[in-house]
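Below is one structure, written out as structure tokens; comments come after it.
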Amino acid sequence: MAFPLELKKEVEIYINKHHPNQEWWEQYFDAVFVSDSQLSNRLVQEMMSIRTVYQLLEGLRAKNELLRAQTKIQIITYASVYEAVLHHIIFRTSLSMKQEVVQLLIKEKYVRRSLPAPYNNLNHCGEIIYTMAKVPDARDERYIKFEEILLVSKDLNLIDQQLYDDLLELYNLRNAIHLQAEIAKGVNYQLEISKKAHKLLKPFKRQIIEGLKINKIVDRKYNVRFSRKELV
């Protein structure tokens, strides 16, 4: 059953009063920061939706199971957003030509090789010995772990050590979202990390833009600005 119309209006006024509007997020994920317009639009939608849900639960002063939902949704969404932005910048800008990035797309694998006698049909302690060669193989960028992208981002001066540590902590917690992990860590710890995830938005963009300037991808004249409707 839906809220009465008057109550719905009051809730919408409360939510819109306490978090940035769509224009703010479009400015955050601008074309300089995220050049893929389809990805940028999706990121704006993700942040608008997560902040709406967060503010609604905040207004209810969520406790117990609602508080767990509030923190879990934040952690999952923010980790996914940060991951998407860094993945785009690493693989969809000229940084993709950097040796550090090229190496991410290469892995080594073992392939069987047939050798002539007496090196074939080898046997040791009753076990057959197969001859193998280690060769390079291409990796699908979709399956490269975020911690690898984070490390390369740090090496390319896109993020500093502190931001690297914070994002890695968020990523690890995102991957550990299951009941045993929740019981071990506790909801207060998750709440702390979810709030930190939100506060990382500003240093995340500032540091990456500065790193892109160092790598001569973004014009030095570009300045990161945030409107008065700031993050809280």
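The values are calculated or read from the model by the stated rules, or taken from the named source; none is laboratory data. These numbers come from a predicted model, not from an experiment. In this analysis, Cβ positions are derived from the backbone assuming ideal geometry, glycine residues included, and neighbour counts consider all displayed protein chains.
So the values come out like this:
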read-out	value
Every pair of residues 6+ apart whose Cβ atoms lie under 9 Å, when the first sits in region 72-92 and is basic (K, R) while the second is part of a helix (DSSP H, G or I)	K72/E182; K72/Q190; K72/S194; R92/L39
Scope region 132-162; condition of a type in the set (A, V, I, L, M) and surrounded by fewer than 14 Cβ atoms within 10 Å (Cβ to Cβ); matching residues	M132, A133, V135, A138
Complete set of residues in region 12-30 that are among the hydrophobic types (A, V, I, L, M, F, W, C), in contact with a helix residue (DSSP H, G or I) (Cβ under 7 Å, 6 or more places away or on another chain) and over 12 Å from V85 (Cβ atoms)	I15, W25
Qualifying residue in region 30-46 (condition: closer than 24 Å to L168 by Cβ, at pLDDT 90 or above and assigned to a loop (DSSP other than H, G, I, E, B))	yes
Filtered residue count, region 1-43, keeping only those that are of a type in the set (S, T, Y) and in contact with a Phe, Trp or Tyr (Cβ under 9 Å, 6 or more places away or on another chain)	2
Filtered residues of region 138-171 (kept if out of contact with any Phe, Trp or Tyr (no Cβ under 7 Å at 6 or more places or on another chain), more than 16 Å from V81 (Cβ to Cβ) and assigned to a helix (DSSP H, G or I))	R142, Y143, E148, L151, V152, D155, Q161, Q162, Y164, D165
Subset tally (residues that are closer than 26 Å to K205 by Cβ and at pLDDT below 90) for region 85-113	0
Residue match in region 65-76 (condition: among the β-branched types (V, I, T), part of a helix (DSSP H, G or I) and loosely packed, with under 14 Cβ neighbours inside 10 Å)	no
Test set (1) at pLDDT below 85; (2) more than 18 Å from L170 (Cβ to Cβ) - L7 fails condition number	(1)
Of the criteria (1) in a helix (DSSP H, G or I); (2) on the phi > 0 side of the Ramachandran plot, which one N16 fails	(2)
The lone exception for Y110 - which of (1) touching a residue at least 60 places away in the same chain (Cβ under 8 Å); (2) over 21 Å from W25 (Cα atoms); (3) among the aromatic types (F, W, Y) it fails	(1)
Neighbours by Cβ (under 7 Å, 6+ apart or cross-chain): first from region 38-61, farther than 17 Å from S194 by Cα; second charged (D, E, K, R)	V44/E26
Meets criteria (in contact with a helix residue (DSSP H, G or I) (Cβ under 8 Å, 6 or more places away or on another chain), in a helix (DSSP H, G or I), surrounded by 11 or more Cβ atoms within 10 Å (Cβ to Cβ) and among the polar types (S, T, N, Q)) for Q103	no
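Let's see how each residue does on (1) more than 26 Å from Y54 (Cα to Cα); (2) at pLDDT 90 or above; (3) under 15 Å from the mean Cα position of the chain (by Cα):
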{"site": "L115", "(1), (2), (3)": "yes, no, no"}
{"site": "K145", "(1), (2), (3)": "yes, yes, yes"}
{"site": "N157", "(1), (2), (3)": "yes, yes, no"}
{"site": "D166", "(1), (2), (3)": "no, yes, yes"}
